[in-house]
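The values are calculated or read from the model by the stated rules, or taken from the named source; none is laboratory data. Predicted model only: the values in this text are computed from it and were never measured. Because the Cβ atoms are built from the backbone with ideal geometry, glycine has one as well, and the counts that use them run over all protein chains shown. The accessibility values were calculated without ligands, DNA or RNA, using every heavy atom of the protein model including side chains. Shrake-Rupley method; radii C 1.70, N 1.55, O 1.52, S 1.80 Å.
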Amino acid sequence: MNRDGENESLWQFTMPEYVPKHAHLPTTPIDVVVVGGGITGLATALALQKGGKKCALLESHNIGFGTTGGTTAHLNTFFDTTYAQVADRFGAESAKLLLQAAEQALALIKGNIDTYQIDCEFEYKDAYLFAQNDDEIRQLEDLTDGAERAGLQMPYTGQLPVTLSFERAAVVSNQAQFHPAKYIYGLAKAFEEAGGVLLQHCMVQSFEEKELIELQTALGSLKTKQLIWATHIPSGINVFSFRCAPYRSYAIAVQVAPQQYPKALVYDLQDPYHYYRTQIVNGEPYLIFGGEDHKTGHDEHAADHFTNLEAYLRQYFDVQQVCFRWSSQYFEPTDGLAYIGHMPGHSENVFVATGFGGNGMTYSHIAANLFSDVILKGRSQYSEVFNPARLKPVTGFSNFIKENADVVKEFIGKRMSVQKIGSLAAIAKGEGRVVSYEGETVALYRNMNDELHAIDPVCKHAGCIVQWNNAEKTWDCPCHGARYSIEGTLLTGPATKDLEVVKLKE
Ligand SMILES: Cc1cc2nc3c(=O)[nH]c(=O)nc-3n(C[C@H](O)[C@H](O)[C@H](O)COP(=O)(O)OP(=O)(O)OC[C@H]3O[C@@H](n4cnc5c(N)ncnc54)[C@H](O)[C@@H]3O)c2cc1C
């Protein structure tokens, strides 16, 4: 299973290539096209196909290629945006609905695993959150009060399943974990067995709404009655370019002394926070430790975050071996809640699910439930809460200004301040940099054989200058999160085209 970065995640390890049954687009119109073969697209396509719709799922690379292949797969009924914040911004009823939607999402995951006999190491776990100073204690109190008002019990506890010092801790039961790649392979198989058409290497390039929706894809054209964008961020320039900010997050999977593997999910309250959990893969235990989040393209030393994670962990654990390290991308919604529903600016037959932050395992199945209710039954009780057309002047609105101020700065600033280097030789083997070369700005990468790859660094989405990501060896756009390979091949939307290759003169 390939992923949109150079590092192998724990989930790619020993996962074979998924080979679908079909190789061609259907020639007759179908009911629903789901774009994107991550956890959101697969859970949604399966629910709709089983609900009686004729569905096709189109994935531009392979299933699991996006963030689902680089997640850490905690299944939670609490979110990075706390229930207190949701109640404050959207009202107490919305906080209760969010909890109900999250509990139904976890029930759908468990139901899929049972119904389709998916062997994906699913386990229910308790989750512990802990505070280490006065500020964090106040945060924890606010978090647990808000959760309890929404209906989620988070009692305080005097114990933690890891040997870190803490001032206060709370525990929430009935959370879970699984192997996300094994889970989505199971969904894909069940979808195909139910008659769904799954096509990989089939990027959706554009669509037009006529009597039916007409899609142009890498494998030809296709007509459908309804269209769902489950691509993590929808392709092209649209409202979500301004309502979702791209972030990178880092994880390592290590082996530690046998008694040190935590038997629960554990989170500190630092900013950005760290988390700990254990996963057994092919009989071997791994401690998964993650954090170090930052805005995409805003850190020249991305690979240092792996070193930081390892150094931090070694303070508290007897780390015997670092087996995997990987990073991935998520999209932070400006007001704290995901956008799931009708796509603004289009007819009621076009849908979108985006802005999941670090909670997309749960949000993916909130989306699957919501879309099947709307498409199969005509309505969902959650449509209002996750309405993508909402624009609330809430506290989160200041984030909206801030995130977009960053975007404007990238548009007008970074082009001018491109790092100038004296000679091309200053780029080390295996490194990339945006440089001025004979009066032109180019993105250069020097491979291990000392050969230079040059591409035009102007992102095909909105014209920002891409930045080198030395952790995953990719070119990342700091504005809206489009990402490209060393050769300029598009890895992650919202762009829909590759960067242009620049020919270097001898
Ligand atoms: C390091 C990290 C750890 C995380 N840990 C957790 C966690 O513990 N718990 C949790 O709940 N969430 C977590 N998240 C968030 C969660 O992993 C994501 O929200 C989730 O995987 C998103 O799934 P998705 O299916 O929506 O998107 P993706 O998995 O990104 O899938 C989208 C797919 O769409 C395809 N695509 C894009 N454009 C097109 C197109 N035009 N045509 C066809 N296909 C297209 C892509 O190739 C991709 O495969 C984490 C995120 C990160 C970065």
Checked the stretch 291-311 for anything within 16 Å of the ligand (Cβ to nearest atom) and of a type outside the set (D, E, K, R); matches are 291, 294, 296, 297, 298, 302, 303, 305, 306, 308, 309
Condition met for residue 362 (of a type in the set (Ser, Thr, Tyr), within 30 Å of residue 100 (Cβ to Cβ) and in a helix (DSSP H, G or I)) = yes
Condition first: in contact with a Phe, Trp or Tyr (Cβ under 7 Å, 6 or more places away or on another chain), part of a helix (DSSP H, G or I) and surrounded by 23 or more Cβ atoms within 10 Å (Cβ to Cβ). Can you find one or more residues in the stretch 368-378 that meet it? yes
Apart from one, (1) surrounded by fewer than 18 Cβ atoms within 10 Å (Cβ to Cβ); (2) of a type outside the set (Ser, Thr, Tyr); (3) closer than 30 Å to residue 234 by Cβ all hold for residue 321; the odd one out is (3)
Contact list, first residue from the stretch 432-451 and over 15 Å from residue 499 (Cα atoms), second anywhere and of a type in the set (Asp, Glu), beta-carbon distance below 8 Å, six or more apart or interchain, is 446/431
Within the stretch 21-41, of all residues that are part of a helix (DSSP H, G or I) and closer than 16 Å to residue 204 by Cβ, the one farthest from the ligand (Cβ to nearest atom) is 41
Residue hits (the stretch 42-66; outside any loop (DSSP other than H, G, I, E, B), open to solvent by 20 Å² or more (accessible area, probe 1.4 Å) and touching a Ser or Thr at 6+ places or on another chain (Cβ under 8 Å)) are 47
Within the stretch 76-94, of all residues that are without any contact (Cβ under 8 Å) to a residue 60 or more places away in the chain and part of a helix (DSSP H, G or I), the one surrounded by the most Cβ atoms within 10 Å (Cβ to Cβ) is 92
All-but-one check, residue 69 against (1) under 21 Å from residue 268 (Cα atoms); (2) within 22 Å of the chain's Cα centre (by Cα); (3) open to solvent by less than 40 Å² (accessible area, probe 1.4 Å), failing number (1)
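Listed here are the residues, each with its yes/no results for (1) closer than 19 Å to residue 232 by Cβ; (2) outside the structural domain of residue 473 (by TED's automatic domain parsing); (3) under 16 Å from the mean Cα position of the chain (by Cα).
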| site | (1), (2), (3) |
| --- | --- |
| 2 | yes, yes, yes |
| 23 | no, yes, no |
| 29 | no, yes, no |
| 33 | yes, yes, no |
| 54 | no, yes, no |
| 83 | no, yes, no |
| 111 | no, yes, no |
Considering the stretch 475-506, residues that are of a type in the set (Ser, Thr, Tyr) and crowded, with 23+ Cβ neighbours inside 10 Å, and then whichever is nearest to the ligand (Cβ to nearest atom), we arrive at 492
Wholly inside the stretch 204-294, strands (runs of 3 or more DSSP E) that include 1 or more residues that are open to solvent by 40 Å² or more (accessible area, probe 1.4 Å) and among the β-branched types (Val, Ile, Thr) are 275-281
- Of the residues that make up the stretch 159-181, is at least one crowded, with 21+ Cβ neighbours inside 10 Å and in a helix (DSSP H, G or I)? yes
Would you confirm whether any residue within the stretch 119-127 is open to solvent by 40 Å² or more (accessible area, probe 1.4 Å), under 15 Å from residue 267 (Cβ atoms) and not polar (S, T, N, Q)?
yes
Selection from the stretch 335-355 of residues crowded, with 24+ Cβ neighbours inside 10 Å, more than 11 Å from the ligand (Cβ to nearest atom) and under 27 Å from residue 298 (Cβ atoms) yields 337, 339
**Asked** Does residue 31 qualify as being open to solvent by 10 Å² or more (accessible area, probe 1.4 Å) and under 30 Å from residue 288 (Cα atoms)?
**Response** no
Quick one: is residue 26 at negative phi, out of contact with any Pro (no Cβ under 9 Å at 6 or more places or on another chain), open to solvent by 10 Å² or more (accessible area, probe 1.4 Å) and in contact (Cβ under 8 Å) with a residue 60 or more places away in the chain?
yes
